[in-house]
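Take a look at the structure below.
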């Protein structure tokens, strides 16, 4: 009798154990086979959006009628976490697009499938990491002078969100925010830029692009730069920094001597071609003038022959180079003369000079006869 009761107890225990649910694989309430599936690797991760999915390789006891994915910050997510179903049923591969995740966050994901018998199964656990909510391409600061800088950036994409405003922030401390100095650059994706002015000479600044998304501000990569107004290798003021070295140079340095230069432009009635106004052309302009003008003394020639502090690579600045030089020296209260010849020719009889108005602070360019005598200031590039 005791043996019979013992056998009956063991039999009941075995039945109870066989009916328990296994959370790590799936749930089977009908004594049939549960679906079999795998979780596919996440694809198309753009910012906080991603494509997730899986592949059902076996439906189990009946047709798979529901399938999708679930995700969490913890391993082995279930339907009690966040989930999204996929269209379709049965065997095969499926995918869903998921938006609105947290930026720069690692998630766990599992595919799931359920058949007509409500047999629920999960695939393997896979992790993925989201990107930035806005993808910035940040250019280097350019055209740096004593009080100004040009900034440029591109918002290449902003998956699933709307960029309501964008621009730049700048400060003398790292990680500037919208609470510091800022300029607006419009809205939406694409390339944008702007000039920040009223800076202090010879000062290191930090700048970042920003975008406003869903009422919050996000920031791109920080760039640092130093405004000009410091001394260069020849002991003159550095008046321009283009931001990077190209074509063998990056900086423009003005001669520390300003009182020794006073001359005609020279060669009136002779047209000297290829004297451009752009930044970076003063050196070639000076060479073009000295090669085609046979006068004994004129501004470009004396600038070309000038030597100071061991440097003899000076030249007469182009129109835009002269404007930048005078603006920077004015910001430093270091501008002595108000008229400056440039190496940019107007025609056979005239050339450009730059006028500084001390009262208003305006700097303008004008045309004058090559026979007139003005001051000028040699510069060099390095």
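Read-outs throughout are calculated quantities, based only on the coordinates presented, and are distinct from any laboratory measurement. Keep in mind it's a predicted model, so treat the numbers as computed, not measured. Using ideal geometry, Cβ is built from the backbone for each residue, glycine included, and neighbour counts are taken over all protein chains shown.
Here are a few things to note about the model shown:
- Look at 150, 278 and count the other Cβ atoms within 10 Å of each Cβ; fewest to most, that gives 278, 150.
- Each eigenvalue of the Cα gyration tensor of the stretch 79-132, multiplied by 5 and square-rooted, gives one semi-axis; in descending order these are 24, 12, 10 Å.
- For a paramagnetic label modelled on residue 73 (point 7 Å from Cα along Cα→Cβ), amide N atoms under 14 Å away belong, within the stretch 102-125, to 102-108.
- Cα-based convex hull volume of the stretch 290-382 per residue, rounded to whole Å³: 110 Å³
- Three semi-axes of the equivalent ellipsoid, the chain, Cα gyration tensor, whole Å, largest first: 77, 19, 16
- Estimated inter-spin distance, residue 235 and residue 305, nm [label 7 Å along Cα→Cβ]: 2.3 nm
- The share of C-alpha pairs in the stretch 218-318 whose separation exceeds 16 Å stands at 64 percent.
- Cβ-derived FRET efficiency at R0 30 Å, residue 382 paired with residue 165, nearest 0.05: 0.15
- 19 Å cut-off, amide nitrogen to a point 7 angstrom out along residue 66 Cα→Cβ, residues in the stretch 83-110: 83-92, 94-97, 110
- As a length-normalised measure over Cα pairs under 8 Å and 6 or more apart, the relative contact order of the chain settles at 11 percent.
- GNM remark for the chain: springs join alpha carbons under 10 Å apart, and the peak mean-square fluctuation among 169, 65, 264 falls on 65.
- Distance between the modelled labels on residue 124 and residue 270, one decimal in nanometres: 8.2 nm (7 Å Cα→Cβ projection).
- Between residue 189 and residue 371, the FRET efficiency from the beta-carbon distance, with R0 = 45 Å, is close to 0.20.
- The alpha carbon centroids of the stretch 86-120 and the stretch 39-58 are separated by 8 Å.
- Measuring r between the beta carbons of residue 174 and residue 292 and using R0 = 45 Å, the FRET efficiency lands at 0.30.
- Within a Gaussian network of the chain (alpha carbon springs, distance under 10 Å), most fluctuating of 88, 232, 359: 359
- Where a label projected 7 Å from the Cα of residue 262 along Cα→Cβ would reach, residues of the stretch 280-318 with amide N under 15 Å: 299
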